[in-house]
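What follows is calculated from the coordinates using simple rules that are stated; it is not laboratory data. Treat the numbers as computed from the prediction; the structure is a model and nothing was measured. Positions of Cβ are backbone-derived with ideal geometry, glycine not excepted, and every protein chain shown enters the neighbour counts.
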Amino acid sequence: MKVAIAGASGFAGAELIKICTRHPELELAAVFAESSAGLEVRESHAGLSDVDLVMISTEKLLSVVDDLAIEVVFLALPHGASQDYVPQLLERELVVVDLGADYRLKDPGEYRTWYGADHRQPDLLEKAVYGLVEFNRDRLKGSRFIAAPGCYVTAASLAIKPLIDDSLVLSEPVIVDAASGVSGAGRTNKSQNMFMSIAENFSAYGLKNHRHTAEIQTNTNAKVLFTPHLAPMTRGILATCYLRPTDRIESLDAKDADELLASCYRGTFASDPFVDVDLYAPST
């Protein structure tokens with residue numbers, strides 16, 4: 001399948017390039033970016049020296065997609081930008097995978113609450129299939145429009161949802177403390193992301209109103225208090241989730257409780273190759 005990536009100059013774009021160029025069923029035919037338009041991929045991403053493509057201005061996305069007979073488009077664009085292209089791409093009957101947040105929430109009112117603006121295509125919100133594979137595999141099969149989940153959302157939802165679904169913990173209150181590496185903030189030159197601000201520093205942000213809260217609550221059917229943190233590391237997320245046990249757990253001793261929790265996770269993710277379950281303290 002012929003693939004194009006929009007937003008290829010960012011960190012998410014770089015990961016997409018790696019995956020697509022190494023996948024036996026995909027042919028990466030075009031990459032798009034605004035800030036790096038005209039540069040070769042290897043000039044923007046030093047670790048991708050074997051990719052012989054030049055980044056094209058995102059404004060030319062639709063015309064190039066037509067000219068090259070692209071079949072799949074990945075969008076790794078800034079918030080709001082995907083709405084400029086998704087309707088036209090879907091009209092062309094392409095497979096569209098949006099890594100941004102534009103189509104994750106299904107309720108236009110909830111979108112307005114968390115993102116501070118009206119969605120320009122509210123009718124498309126329900127059409128986007130939410131891309132957290134471990135919990136939505138059947139709906140994703142054959143889907144032509146996928147909204148990839150948020151980063152914090154993935155970590156927290158994988159930890160919380162199995163326990164709630166199995167009635168091992170209460171759905172409220174749920175507390176999520178999560179720390180992300182600096183790459184999660186993107187590649188834009190911001191003072192808070194510079195070395196002098198990050199090194200030897202650990203900071204909270206998005207207090208009480210981080211947008212990923214809505215996604216986590218939707219996925220888990222829980223009432224969540226979420227606090228994200230920026231950690232002095234390059235990449236990765238560590239999410240620590242606090243939940244109240246139900247009587248099923250409270251009635252057990254510590255060893256049996258641990259075994260029941262581990263059994264829940266192992267049963268949930270037995271067929272999921274990207275989730276490893278162990279009893280060791282996590283690290284990034």
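Key figures
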| quantity | calculated |
| --- | --- |
| Over the chain, relative contact order from alpha-carbon pairs under 8 Å, at least 6 apart, % | 14 |
| Computed Rg/Rh of region 64-149, alpha carbon atoms with Kirkwood Rh | 0.96 |
| Stokes-Einstein diffusion coefficient of region 220-260, Kirkwood radius over Cα pairs, 20 °C, 1.002 mPa s, in µm²/s | 159 |
| For region 112-185, the spread of Cα positions along each principal axis, largest first, Å | 37, 31, 26 |
| Pairwise FRET efficiency - residue 185 versus residue 209, Cβ, R0 = 22 Å, nearest 0.05 | 0.85 |
| Stretch gain in nm, segment residue 260-residue 110, where the contour uses 0.36 nm per residue and the Cα spacing is subtracted | 50.4 nm |
| Signed unit charges on C-beta, dipole axis of the chain, positive-most listed residue 159, 173, 198 | 198 |
| Cβ charges +1 (Lys, Arg) and -1 (Asp, Glu), total dipole of the chain, debye | 420 |
| Net charge dipole size for region 116-189 [Lys, Arg +1 and Asp, Glu -1 on Cβ; Debye, nearest 20] | 440 |
| Dipole magnitude (debye, nearest 20) for region 103-256, charges at Cβ of Lys, Arg, Asp, Glu | 700 |
| Additional length obtainable on full extension of the chain from residue 35 to residue 123, 0.36 nm per residue less Cα span | 28.6 nm |
| Shape of region 1-62, Cα gyration tensor, a/c cut at 1.5 | oblate |
| Computed helical MRE - 222 nm, the chain, DSSP H runs ≥ 4 contributing -39500 (n - 2.57), nearest 500 | -9000 deg cm²/dmol |
| Exceeding the 30 Å Cα-Cα cut-off - candidates 106/255; 127/223; 141/208; 18/223 | 106/255; 141/208; 18/223 |
| Loop-located GluC sites (Glu not before Pro) in region 193-284, at most 12 other Cβ atoms within 10 Å (DSSP) | 200 |
| Largest-first principal axis extents, alpha carbons of the chain, Å | 64, 45, 40 |
| Square roots of five times the Cα gyration tensor eigenvalues for region 151-268, Å | 31, 14, 12 |
| Percent antiparallel among DSSP beta bridges (both partners in region 151-268, rounded to 5) | 60 |
| Counting DSSP beta bridges with both ends in the chain, the antiparallel % (nearest 5) | 30 |
| Average projected area [Cα convex hull, region 2-147], square nanometres | 8.9 |
